[in-house]
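The values are calculated or read from the model by the stated rules, or taken from the named source; none is laboratory data. None of these values were measured; they are calculated from a predicted model. A quick note on method: Cβ atoms are made from the backbone with ideal geometry, for glycine too, and the neighbour counts reach across all protein chains shown. Note: accessible area is taken over every heavy atom of the protein model, side chains too, but ligands, DNA and RNA are not part of it. Shrake-Rupley method; radii C 1.70, N 1.55, O 1.52, S 1.80 Å.
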Amino acid sequence: MSDAPVLIEAAINGGTTKDRNPTVPIAPEEIRADAARCLDAGATIIHAHNHDIRLSGEPAARAYLDAWAPLLAERPDALWYPTLCVAPDPLAKLEHVRLVAEQVPLTMAAVDPGSTNLGTPGTDGLPEGGVYANSYDDVRQAFGFCEEHRLGPQLAIYEPGFLQCVLTYHRAGRLPAGAMVKLYFGGEWGMWARARGVTFGLPPTRHALLAYLDMLEGTGLPWSVSVWGGDLMATPVAELAVERGGHLHVGLEEHFDPDAKPTNLALVEQAVALAESVGRPVATNADAVSLLGLASPAASAGSPATPG
């Protein structure tokens, strides 16, 4: 049993629409207010999309700055990071991150180190969809971007193969500083939460988490758990993760329950309550910076990062 602080990450919107959950923040002022509520309630990290993932480069950066510049002017030490955008190559997917980091504090970047099928049931109930593809060369370029700009890679682990790639970099001493492993478990509604029956990755079970922990044993890499197309707190994964020294990744990006429409604040409060019930304190901003080995957010404000 670990007594180290628990990092709580709130992924506050993602691709979730108002039809799916009317409380999801999408407009800049909604994102600011929701992020502030989550931080006040105990969230250590905020992950957010802007209103249109199809934007890239300067338009994407402007959309993020509309939401985040006023908040970070008041809270320059807040930990947050944007998503990847839809673009033809890995550096184009991250160009808005570079532009945002020149204007406001930003010390982390999303990296998806692998490929998987994502979809929904077709009319016959069988899987339909496509391949979410990130080649080894794509991953190399994304890690190079993180090294160049001193951004801690936030590693989305959709499948065990994603983690195998990360561990290869770790063994070679080439995993950029500030890395955190985000274990994504596939809930019964899947990534898009449009219908039951087609999902991805490992299910949110005790044995599935233990399999990942076997892979991570001895690495010292920080890790968190989330359930996509389901409710993390309704699975055995959440409590087991906190007991085993892991962290919690919650929020309306991944949460789905057809019978409930919680707020991000409510999901953060549930995570805080779970950490306290297990006997672990909730991490402060300083705890997170130390644990992840990140640059200080306030020190990064308004100036381009330099290689180091």
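If you go through the stretch 63-105 one residue at a time, how many are of a type in the set (Gly, Ala, Ser), under 22 Å from Met180 (Cα atoms) and either in a helix (DSSP H, G or I) or open to solvent by 50 Å² or more (accessible area, probe 1.4 Å) (or both)? Qualifying residue count for the region: 1.
For the stretch 34-55, indicate whether the set of residues that are of a type in the set (Lys, Arg), touching a Leu at 6+ places or on another chain (Cβ under 9 Å), in contact (Cβ under 8 Å) with a residue 12 or more places away in the chain and under 21 Å from Leu274 (Cα atoms) is non-empty. Yes. Could you please let me know if Thr168 is surrounded by fewer than 20 Cβ atoms within 10 Å (Cβ to Cβ) and touching a Lys or Arg at 6+ places or on another chain (Cβ under 9 Å)? So Thr168 passes the test.
The stretch 195-308 holds helices (runs of 4 or more DSSP H) entirely within its bounds, and those carrying 1 or more residues that are within 25 Å of Tyr81 (Cα to Cα), of a type in the set (S, T, N, Q) and open to solvent by 30 Å² or more (accessible area, probe 1.4 Å) map to 264-278, 285-292. Selection within the stretch 14-41: residues that are within 16 Å of the chain's Cα centre (by Cα) and within 21 Å of Asp287 (Cβ to Cβ). The member of this set that is most open to solvent (accessible area, probe 1.4 Å) is Leu39.
How about the stretch 35-62: which of its residues are aliphatic (A, V, I, L, M), part of a helix (DSSP H, G or I) and over 13 Å from Gln103 (Cα atoms)? Selection gives Ala35, Ala36, Leu39, Ala41, Ala60. Of all residues in the stretch 122-154, those satisfying the criterion of being in contact with a strand residue (DSSP E or B) (Cβ under 8 Å, 6 or more places away or on another chain), small (Gly, Ala, Ser) and surrounded by 12 or more Cβ atoms within 10 Å (Cβ to Cβ) are Gly122, Gly129, Ala142, Gly152.
All conditions in (1) closer than 20 Å to Asn285 by Cα; (2) out of contact with any Lys or Arg (no Cβ under 7 Å at 6 or more places or on another chain) hold for Val6, with the sole exception of (2). Against the list (1) in contact (Cβ under 8 Å) with a residue 40 or more places away in the chain; (2) out of contact with any Cys (no Cβ under 9 Å at 6 or more places or on another chain); (3) among the small types (Gly, Ala, Ser); (4) open to solvent by less than 30 Å² (accessible area, probe 1.4 Å), the condition Gly114 fails is (2).
Mind listing whichever residues of the stretch 95-127 are closer than 26 Å to Cys165 by Cα and in contact with a Ser or Thr (Cβ under 7 Å, 6 or more places away or on another chain)? Listed by number, the residues that qualify are Glu95, His96, Leu106, Thr107, Ala110. Only one entry in Gly178, Gly190 is over 20 Å from Val97 (Cβ atoms), at pLDDT 95 or above and not in a helix (DSSP H, G or I), namely Gly190. Taken over the stretch 117-153, the criterion of being of a type in the set (S, T, N, Q), within 28 Å of Trp80 (Cα to Cα) and touching a Gly at 6+ places or on another chain (Cβ under 7 Å) is satisfied by Asn117, Asn134.
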